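Asker: For reference, the structure I am asking about is given below.
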Amino acid sequence: MKSSIIKLLGLVLICALSSCDLEDTTADNTNENLLLGNWANADTNSNSAFAYTFFANGTFGSARVITDPSTNEVVDYRYYATGVFTLEDNELSLFFQEIYEKNDSQVQYPNPTDLNLTGQTSEELVTIAFRNNNQKLIFTFQPCAPNENCATEISFERVPVEWCGTPSPS
């Protein structure tokens, strides 16, 4: 009898531990699935937007664009980058592998391929949170060094697939 109770308690303990592992895995997948898609931080005063697109294969595109106020179409790229991302819980690591920038403020670049490759790379670690039924994505950045000019938080809105400041990776 004692042996049966010990076996039963052991079985219950194994099931309980397995359930915890499944819940944690599901939560991680949910955050990653929520992140996938197009996100933009728009400045309506200047018709500019900063956008991210996260793809299921672990890559992302990022762009600073100017949009036509009447059609909301991208008419000018100021910056474009591609890279890979990893997400653990709510810690998002972005590794920018290719960074393209505009080299003349007087010329419009309607395609990201018109920009100049800088040859630089960078890495950024942000904490993410979702709000408003997962339609708002908030990046919280690492603390700034003294006298450093940097953002502490930026929020992005989910944007439709049709509008995307960041083209698909090739």
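Asker: Search the range 36-64 for residues being among the hydroxyl-bearing types (Ser, Thr, Tyr) and part of a loop (DSSP other than H, G, I, E, B), and hand back the single one that is modelled with the lowest pLDDT. Reasoning before the result, please.
Answerer: Initial filter on the range 36-64 (among the hydroxyl-bearing types (Ser, Thr, Tyr)): 44, 46, 48, 52-53, 59, 62.
Cutting the leftovers down to part of a loop (DSSP other than H, G, I, E, B) gives us 44, 46.
Values: 44: 67, 46: 74.
Per the stated criteria, the residue is 44.
Asker: So which pairs qualify, if the first residue must be in the range 102-129 and more than 30 Å from residue 33 (Cα to Cα) and without any contact (Cβ under 8 Å) to a residue 24 or more places away in the chain, the second must be among the basic types (Lys, Arg) and surrounded by 14 or more Cβ atoms within 10 Å (Cβ to Cβ), the Cβ gap must be under 8 Å, and the two must be at least 6 apart or on different chains?
Answerer: Filtered contacts from the range 102-129: 116/102.
Asker: Consider residue 129 carefully, then state whether it is among the small types (Gly, Ala, Ser) and at pLDDT 90 or above. Walk me through how you get there before you give the answer.
Answerer: Details: among the small types (Gly, Ala, Ser): yes; at pLDDT 90 or above: yes.
So residue 129 passes the test.
The values are calculated or read from the model by the stated rules, or taken from the named source; none is laboratory data. What you see is a predicted model; the values in this text were computed from it and never measured. All Cβ positions, glycine included, derive from the backbone under ideal geometry; neighbour counts span all protein chains shown.
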